Amino acid sequence: MRINLPRPDLFSQVFGEVTGTGLGSSVHGIATDSREFKAGDLYIALKGKRTDGHTFLKELEIDGCAVALVSEENNELTSLKQIIVEDPLTTIGTIANKWRKQFQVPTLGITGTNGKTSTKDLLHHVFQPTQMVHATEKNFNTSIGLPLTLLLQTEKHTLSILEMGANQPGDISYLCRISKPTHGLITNIAPAHLEGFGTIEEVAKEKGELFQSLEDGISFVNQADDRIKNLSITGDKISYGLSPDCDFPADIHQEKDGTLTLLINTEEIKTQSCNLSFAKNVLAAAAVAITMDVDWETFQNRVLSFVQPAGRCQVKHFDDITVIDDTYNANLESTIASIDYLNAFSKNGRRLLVFGDMFELGNHSEIIHEKVGEKCSDAHLDGVFTVGTFTVHTDLRLENVELHKHFTSKDELITQLKNTIRKGDKILFKGSRGMAMETVIQGVFE
């Protein structure tokens, strides 16, 4: 990860106050990855499970690194200034926290199993006409990325929207401690990252740390999610959902062209999308935006002008074949929602799923992949092609799907698809980020 510092002079001052040591030279950027480093950057040497950033210090010195934040000194280096701290990651978090405290602006923390990036991007778009928005970029939502995100905030910003990811217990509470959110949104809670948490109950407890941090703030509560509505709230509460007992109750209905329209508090909000997951994101965004003084007309116009990012239920057409590119990531809930989305398309032509492994499910991986197979059978899909290690369990549960096959190789899958697909087919591509299922789309069509 790497950022350009918007205020190098102020950063040097804050850095010195926290560490007790001056940088010794002007620093214009921060890098945690030696491959992204640029001359003049502050390099943060982090120890990970697979690599140790300290091993790259010598080559970084040669490439023009002036200063590095380290936990171990390398005595072979002559020109590289090394600032030694107990834990560089904790130190940069403390610096980011001190930086954040300079700005008294509304700060919305967003977490959840699905939809947090899409909802963050949608809210960023909604607020743009009236606010100077500071928001998480790329995947900078971790204990490494969020401090760097905070350091991009300046006195010009009037609103901050921070995405928060969690892979293990303690992540959300730590991110809340350094970012000090004033508002919080949990999109949903579903089986994901079970490798780090063990059970769905532990996932819920971890996500709930966001609401626990808002003693003087506002929690936006998804009443349609039983795990979220049962979380403890320490501050004020704004609820939304698909039942009348909410501050923002909604009905969703389908237009003749298949797109979904929301009726929220008697306000009609057209989504121009057939994607139910996106409609739910719109509802969550409405609760936040309207509470924070966006008017309904502006909200509707911004929803209609919003372009969903690549890999998130993007509909593409290759001649007479429809491709649903939902390859950005996958877990059980998002995969089931995507299959429902596929089923919402016209029944003319076959409905096919091309499915790659879902990761970070730990001991639950087999049963969760089986559940996808059961969903495909219940949905009466015309064909399912799986690839990877865990999706073999999906293939084994395809009782009502005549056309199906499991592959261990993407190349073999691509060859099979080229020989199988035909005009009129609707094909959903889905899998965890590590599977990069968009490469299968490219191999078949591009």
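The values are calculated or read from the model by the stated rules, or taken from the named source; none is laboratory data. Small disclaimer: the values here were computed from a predicted structure and weren't measured. Glycine also receives a Cβ, built like all others from the backbone with ideal geometry; neighbour counts cover every protein chain displayed.
The strands (runs of 3 or more DSSP E) located wholly in region 42-114 include none with 2 or more residues which are over 30 Å from the mean Cα position of the chain (by Cα), under 24 Å from Leu162 (Cα atoms) and outside the structural domain of Ala330 (by TED's automatic domain parsing). I need the full set of residues from region 219-243 which are more than 15 Å from Gly184 (Cα to Cα) and of a type in the set (A, V, I, L, M, F, W, C), in order please. Answer for region 219-243, where residues must be more than 15 Å from Gly184 (Cα to Cα) and of a type in the set (A, V, I, L, M, F, W, C): Ala224, Leu242.
Which one is farthest from Arg350 (Cα to Cα), of the residues in region 395-410 that are part of a strand (DSSP E or B), over 29 Å from the mean Cα position of the chain (by Cα) and not basic (Lys, Arg)? The residue in question is His404. Give Leu428, Leu417 a once-over and let me know the one that is outside any strand (DSSP E or B), at pLDDT 95 or above, of a type outside the set (Ser, Thr, Tyr) and in the same structural domain as Leu353 (by TED's automatic domain parsing). The conditions single out Leu417.
Considering every residue within region 157-165, establish whether at least one is within 21 Å of Glu333 (Cβ to Cβ), among the hydroxyl-bearing types (Ser, Thr, Tyr) and crowded, with 23+ Cβ neighbours inside 10 Å. So far as region 157-165 goes, no, none of its residues is within 21 Å of Glu333 (Cβ to Cβ), among the hydroxyl-bearing types (Ser, Thr, Tyr) and crowded, with 23+ Cβ neighbours inside 10 Å. Scanning region 16-37 for residues that are under 11 Å from Ile95 (Cβ atoms) and touching a strand residue (DSSP E or B) at 6+ places or on another chain (Cβ under 8 Å), which turns out surrounded by the fewest Cβ atoms within 10 Å (Cβ to Cβ)? Among those that are under 11 Å from Ile95 (Cβ atoms) and touching a strand residue (DSSP E or B) at 6+ places or on another chain (Cβ under 8 Å), it is Thr19. If you take the residues in region 249-272 that are touching a helix residue (DSSP H, G or I) at 6+ places or on another chain (Cβ under 7 Å) and assigned to a loop (DSSP other than H, G, I, E, B), which one is modelled with the highest pLDDT? Among residues in region 249-272 that are touching a helix residue (DSSP H, G or I) at 6+ places or on another chain (Cβ under 7 Å) and assigned to a loop (DSSP other than H, G, I, E, B), the one modelled with the highest pLDDT is Thr271.
Of everything in region 196-217 that is touching a helix residue (DSSP H, G or I) at 6+ places or on another chain (Cβ under 7 Å) and surrounded by 21 or more Cβ atoms within 10 Å (Cβ to Cβ), the residue that is modelled with the lowest pLDDT is Phe197.
Test Glu333 against the stated conditions and say whether it is at pLDDT below 95, closer than 20 Å to Arg433 by Cβ and assigned to a helix (DSSP H, G or I). Give the derivation first.
Numbers: at pLDDT below 95: yes; closer than 20 Å to Arg433 by Cβ: yes; assigned to a helix (DSSP H, G or I): yes.
Taking the combined requirement at face value, the residue satisfies it.
Among the candidates Glu76, Glu137, Glu59, Glu72, the residue that is under 30 Å from Thr327 (Cβ atoms) and among the charged types (D, E, K, R) is uniquely Glu137.
Somewhere in region 311-323, is a residue touching a Cys at 6+ places or on another chain (Cβ under 6 Å), of a type outside the set (Lys, Arg), crowded, with 21+ Cβ neighbours inside 10 Å and touching a residue at least 12 places away in the same chain (Cβ under 8 Å)? Outline the logic, then answer.
Of region 311-323, the ones touching a Cys at 6+ places or on another chain (Cβ under 6 Å) are none.
Within region 311-323, none of the residues are touching a Cys at 6+ places or on another chain (Cβ under 6 Å), of a type outside the set (Lys, Arg), crowded, with 21+ Cβ neighbours inside 10 Å and touching a residue at least 12 places away in the same chain (Cβ under 8 Å).
When region 272-303 is filtered for residues that are farther than 12 Å from Phe127 by Cα, of a type in the set (D, E, K, R) and surrounded by fewer than 20 Cβ atoms within 10 Å (Cβ to Cβ), only Glu297 remains.
Restricting region 50-78 to residues that are among the charged types (D, E, K, R) and touching a strand residue (DSSP E or B) at 6+ places or on another chain (Cβ under 9 Å) leaves a set whose member that is surrounded by the most Cβ atoms within 10 Å (Cβ to Cβ) is Glu61.
Yes/no per residue for (1) of a type outside the set (Asp, Glu); (2) crowded, with 23+ Cβ neighbours inside 10 Å:
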position: Asn331; (1), (2): yes, no
position: Ile336; (1), (2): yes, no
position: Arg351; (1), (2): yes, yes
position: Asp357; (1), (2): no, no
position: His364; (1), (2): yes, no
position: Asp378; (1), (2): no, no
position: Thr389; (1), (2): yes, no
position: His393; (1), (2): yes, no
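Looking only at region 227-238, decide whether some residue is under 21 Å from Gln314 (Cβ atoms), exposed (fewer than 14 other Cβ atoms within 10 Å of the Cβ) and in contact (Cβ under 8 Å) with a residue 12 or more places away in the chain.
Step one: list which residues in region 227-238 are under 21 Å from Gln314 (Cβ atoms), which gives none.
No: region 227-238 contains no residue that is under 21 Å from Gln314 (Cβ atoms), exposed (fewer than 14 other Cβ atoms within 10 Å of the Cβ) and in contact (Cβ under 8 Å) with a residue 12 or more places away in the chain.
Please determine, by comparing only the residues of region 95-141 that are of a type outside the set (S, T, N, Q) and in contact with a Pro (Cβ under 8 Å, 6 or more places away or on another chain), which one is surrounded by the most Cβ atoms within 10 Å (Cβ to Cβ). Even if it seems obvious, please write down each step before you answer.
Residues of region 95-141 of a type outside the set (S, T, N, Q): 95-96, 98-101, 103, 105-106, 108-110, 112, 115-116, 120-127, 129, 132-135, 137-138, 140.
Now narrow it down to the ones that are in contact with a Pro (Cβ under 8 Å, 6 or more places away or on another chain): 95-96, 108-109, 121.
On the way: Ile95: 23, Ala96: 22, Leu108: 24, Gly109: 31, Asp121: 21.
Per the criteria, the residue is Gly109.
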